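Comments concern the structure below.
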Amino acid sequence: MWTGGVRAIILDENRRILMIRQQHLERQVWTVPGGGIEPGENSVDAAIREVKEETGLDVSIGKLVWHVEQMIPGKEPRFVNLFLASIVDGTLAMGLDPERGDDGQVIREVRFMTQQELAATDNLYPEYLKDELWTVLDRESDSHNPFKIRK
């Protein structure tokens, strides 16, 4: 059975990307805001909700950048839709994961990062935020193929 997730790529006026640092077991991971799609929810609504929970920001969802199918041996198949999003309201703040108690929160930091900062960042998810994203953003045509398989 497939499970679904979403992520929102949010750029500010200086072309920096909103990133979240999360603690997962013994390692910290930098990623864009997002999470799981709840029962009865579509990808766009899930992305709006997840950004609000994690950052305090209200966003509008735009173009689908990637639809990633994760086919990892020994794990349930999962897809993650990564969208471009724009801030429409709110104040940036470190949010909470409502499914976790106070002692189980994983968000450690929320901030905008430059392309150069992302390129120098270890434990970045997805890795193609370092390079491929900028190619997609700079393309003038719509020839970008958003489908990826991750093994």
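The values are calculated or read from the model by the stated rules, or taken from the named source; none is laboratory data. Quick caveat, the model's predicted, so the values are computed rather than measured. In this analysis, Cβ positions are derived from the backbone assuming ideal geometry, glycine residues included, and neighbour counts consider all displayed protein chains.
Annotations for the structure displayed:
- Selection of the range 64-82 for residues being farther than 20 Å from Gln22 by Cα and modelled with pLDDT of 95 or more yields an empty set.
- Within the span defined as the range 65-88, one or more residues are closer than 18 Å to Lys148 by Cα, touching a helix residue (DSSP H, G or I) at 6+ places or on another chain (Cβ under 7 Å) and of a type in the set (Val, Ile, Thr).
- Top-ranked residue in the range 97-151 [being part of a loop (DSSP other than H, G, I, E, B) and surrounded by 14 or more Cβ atoms within 10 Å (Cβ to Cβ); ranked as modelled with the highest pLDDT]: Thr121
- Counting only strands (runs of 3 or more DSSP E) that fall entirely inside the range 22-94 and contain at least 3 residues that are free of Cβ contacts under 8 Å to residues at least 40 places away in the same chain and surrounded by fewer than 18 Cβ atoms within 10 Å (Cβ to Cβ), the qualifying elements are 57-70, 78-90.
- Matching residues, the range 4-30, being modelled with pLDDT under 95 and among the β-branched types (Val, Ile, Thr): Val29
- Residue in the range 4-21 that is touching a Lys or Arg at 6+ places or on another chain (Cβ under 9 Å), more than 19 Å from Phe147 (Cα to Cα) and surrounded by fewer than 16 Cβ atoms within 10 Å (Cβ to Cβ) present: no
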